[in-house]
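The values are calculated or read from the model by the stated rules, or taken from the named source; none is laboratory data. Not measured: the values here are computed from a predicted model. Neighbour counts are summed over all protein chains in view; Cβ atoms, including those assigned to glycine, are modelled from backbone coordinates with ideal geometry. These area figures cover heavy atoms from the full protein model, side chains too; ligands, DNA and RNA do not enter into them. Shrake-Rupley method; radii C 1.70, N 1.55, O 1.52, S 1.80 Å.
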Amino acid sequence: MHSSAPRSPLFPDAISSGTPPVESPISIDAHRQREVRWMALLPMVPPSQARRNKKVKRLLLDGVPSSVRYLVWCHLSDSKARAIPGVYAQLGKRQRVPAFADIEKDAKTYFPDQTQLHHFDGPLVSLLQAYLNMVPDIQYTSGLTSIAGHLLLLSPEEDAFWIFASMMDAHLRPYFSANTIQLEVDAALLSKAIEVNDPAVCKKLYVTFSIPPSAIAKSWFSTLFVGTLPVDYLHRIWDVFLYEGVTLLFRVGLALVQCVRHLLLQATSEETAMEYLVHPPLGCLPSTADAFLNQAIMMKLKDDDVRKQRIKMEAQVKRQTQSRTNGPSGMQTASISLPKTS
């Protein structure tokens, strides 16, 4: 079966070495103008309203300068409202979680060049140790390490923790729940979207190769495409994901299928097809991150239909699984264990 390990190295040399890319005077000027617009807009729009603000959306589509990206992500996730002083430090003092050794191993696998994330008491292990202590019914997978580690490359540790917690609560926790209802639903919706957009590819993936829909959805959605997309493409997807939510993940998946379509149709095995989907050759992607984002946005998909179908299918799957559980299956994992603060 396919490997979920990321590209190695995951990040371009410019990032791992700390050497910034050379920019033209025109791009530098445009970068500064966007930076000024963001710094003017953020104080005017309360974080709780940012995801409903059209000016925010226009600026997101125009671009987010790296110098303000983590502040924009804080704003879009409303993470400051969730932050409780002292809690992060206290969570870190609890006993090691069962996944501790796996987190250490995955940190080295997913971030081979980021040695600051490898240590057992470093920021990545500390962040996930705190989160899994706070939400003990989350099922650990390497996707948690890939997402949290990427946030830590852009944000101070405690800010990264609260952005991560906000992203999980708003969008991702059901993907890491003991029950797999949300993943099954979204996998089915993704396969249907692929069928509508490209019946030939759909037949090749799901009929000829009999790839389980959940295999593709999990590889993409539970990692937020870390390891699948180059880092600058990933940034642009996350910029808009924090505004649009899960529906953007479907669009990105459809865009990736379109990018490697010719390779998928020529593939002779399930393993090869999955490799193209999870690790698409860079030459198959549009030449810029913005071009890829635009391709995803233009995919044939009605976001409202996805939202409505999610609700409908969630209820249907719940009914089907009800008899196999000891009680009602909640879509959202509910256990939270916060320490007391003085």
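Assorted remarks:
- Checked against (1) closer than 30 Å to residue 312 by Cα; (2) touching a Phe, Trp or Tyr at 6+ places or on another chain (Cβ under 6 Å); (3) at pLDDT below 95, residue 163 passes all but a single condition, namely (3).
- Entirely in the range 181-242, the helices (runs of 4 or more DSSP H) that have 1 or more residues that are at pLDDT below 95 and open to solvent by 30 Å² or more (accessible area, probe 1.4 Å): 181-197, 213-221
- Residue match in the range 279-290 (condition: of a type in the set (D, E, K, R) and either open to solvent by less than 30 Å² (accessible area, probe 1.4 Å) or within 14 Å of residue 204 (Cβ to Cβ) (or both)): no
- Any chance residue 175 is assigned to a helix (DSSP H, G or I), without any contact (Cβ under 8 Å) to a residue 24 or more places away in the chain, open to solvent by 10 Å² or more (accessible area, probe 1.4 Å) and not acidic (Asp, Glu): no
- Filtered by the rule that a residue be touching a helix residue (DSSP H, G or I) at 6+ places or on another chain (Cβ under 6 Å) and part of a helix (DSSP H, G or I), the range 295-308 gives 295, 296, 303, 306.
- Some residue of the range 18-39 being acidic (Asp, Glu), at pLDDT below 90, open to solvent by 60 Å² or more (accessible area, probe 1.4 Å) and not in a helix (DSSP H, G or I): yes
- For the range 198-236, a tally of residues being touching a residue at least 40 places away in the same chain (Cβ under 8 Å) and among the hydroxyl-bearing types (Ser, Thr, Tyr) returns 6.
- Residue-level analysis places residue 172 outside the set of residues that are within 23 Å of residue 256 (Cβ to Cβ) and touching a helix residue (DSSP H, G or I) at 6+ places or on another chain (Cβ under 6 Å).
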